[in-house]
Amino acid sequence: MEQWNGLMRKEWIQWKWQLILAGGMVLIALLTLPPVVGTLTKDHEIVFEMTMVLSFMLMAVGIIIPLLTFTTMFNREMKLPDLWLHSTASSYKLICVKFLMAAFIGLGALLLPAVIVAIRFAMTEFREVTFDELAFFGTTAIIFFFCVSLMFMAIGFFFIVIDRLLKPFLSSFSIIATGLLFVLSARVYGEVTSSSFYERFFHAGKVNLLAMKNTNLQIGEGSSLFMDLDIYVGDILFDAVLTVILFFLAIKLFEKKVRI
């Protein structure tokens, strides 16, 4: 545990000022830009709506933040592999620490816009949604975006390792080969998930999120945020298992073929 905490502390020290600066810029932009636009257009009703739209856009972009963060961390360490890999920590621990740190950063990138929307909601009288709607759909979006971001990060790490494995043989062309393998893998994934076998055994367990909501929440079909929120437990389990397999397979390949 002490070694784990030390590795996490190292990552935090390297990233804290960048995170504080980025968070401050997002905070200032979302709190000042909508009111300025509202004043210039003399339409104060647009302030909350604009804050909500900008925040949702930032949250959508936040899907790739963990992947970009993890890639930056990993590539920075691989510039001096002897120093990084000289650690007595296992490859699993070295990689998982960076994965966890990147996940926390991605979660922060999702929560900050959500908090600002909640603050703006409390400050304005011009709004067409209830707090119940905002909380329900906001929470759903955060959970969805966060899960997808973790999947992207794990898959991205797998192909980063593949690129490292191909580089000794293909040199600078390894990135092209890796890209082609990614496209081929995406095609195979699409073929599998659209097959009758998948539909029969995995595309099952339909759950409607709206049906699971608290009956006291003021959300109905007339809501401007109303949408079909059907999910399938089978799809989630399939993607989750596939993601975990690729992540640990990538660590295994890194341990055996890259960390030499």
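Could you check the spin-label model distance between Gln18 and Val115? Points 7 Å from the Cα along Cα→Cβ, value in nm.
Taking the two extended label points, one gets 2.1 nm.
Fully extended, how many nm does the chain gain between Leu184 and Thr88 (0.36 nm per residue separation, minus their Cα-Cα distance)?
Stretched fully, the Leu184-Thr88 segment lengthens by 30.9 nm.
Tell me the Kirkwood hydrodynamic radius of segment 1-103 in angstroms, computed as one over the mean inverse distance between distinct C-alpha pairs.
Every distinct Cα pair counted, the radius reaches 16.3 Å.
Beyond 29 Å, what share of the Cα-Cα pairs of the chain is found? Please give it as a whole percent.
Taking all Cα-Cα pairs of the chain, the fraction more than 29 Å apart is 46 percent.
Would you compute, from DSSP H runs of 4+ residues alone, the mean residue ellipticity of the chain at 222 nm, taking -39500 (n - 2.57) per run and dividing by the full residue count, rounded to the nearest 500?
Taken over the chain, the calculation gives -26500 deg cm²/dmol.
Counting only heavy atoms of the protein chains, get the accessible area per residue of segment 108-189 (1.4 Å probe) and round it to a whole Å² value.
On a per-residue basis, 56 Å².
For Ser194 and Lys167, what is the calculated FRET efficiency with R₀ set at 45 Å and r taken between the beta-carbons, to the nearest 0.05?
0.85
What residue among Met50, Met25, Met153 shows peak mean-square fluctuation when the chain is described by a Gaussian network model with Cα springs under 10 Å?
Of the options given, Met25 has the highest mean-square fluctuation.
State the extension gain, in nm to one decimal, for the chain segment bounded by Leu40 and Ile176, taking 0.36 nm per residue of separation less the distance between their alpha-carbons.
Full extension of this stretch gives 44.1 nm more.
Going 7 Å from the Cα of Leu242 toward and past its Cβ, which residues in segment 190-210 have a backbone nitrogen under 16 Å from where you end up?
Answer for segment 190-210: 190-204.
Could you please state how large a percent of the accessible area of the chain is carbon and sulfur, counting protein chains only and using a 1.4 Å probe?
Exposed carbon and sulfur together represent 71 percent of the surface.
Given the pairs Lys93/Lys206; Lys206/Lys252; Lys16/Lys167; Lys16/Lys42; Lys98/Lys256; Lys16/Lys79, which span a C-alpha to C-alpha distance of over 29 angstrom in this model?
Lys93/Lys206; Lys206/Lys252; Lys16/Lys167; Lys16/Lys42
Find the relative contact order for segment 58-141 and round it to a whole percent, using C-alpha pairs within less than 8 Å whose residues are 6+ positions apart.
42
The values are calculated or read from the model by the stated rules, or taken from the named source; none is laboratory data. The shown structure was predicted, so the numbers you read here are calculated from the model rather than taken from an experiment. So basically every Cβ, Gly included, is an ideal-geometry build from the backbone, and we count neighbours across all protein chains shown. Accessible surface is based on the protein model in full, side chains and every heavy atom, while ligands, DNA and RNA are left aside. Shrake-Rupley method; radii C 1.70, N 1.55, O 1.52, S 1.80 Å.
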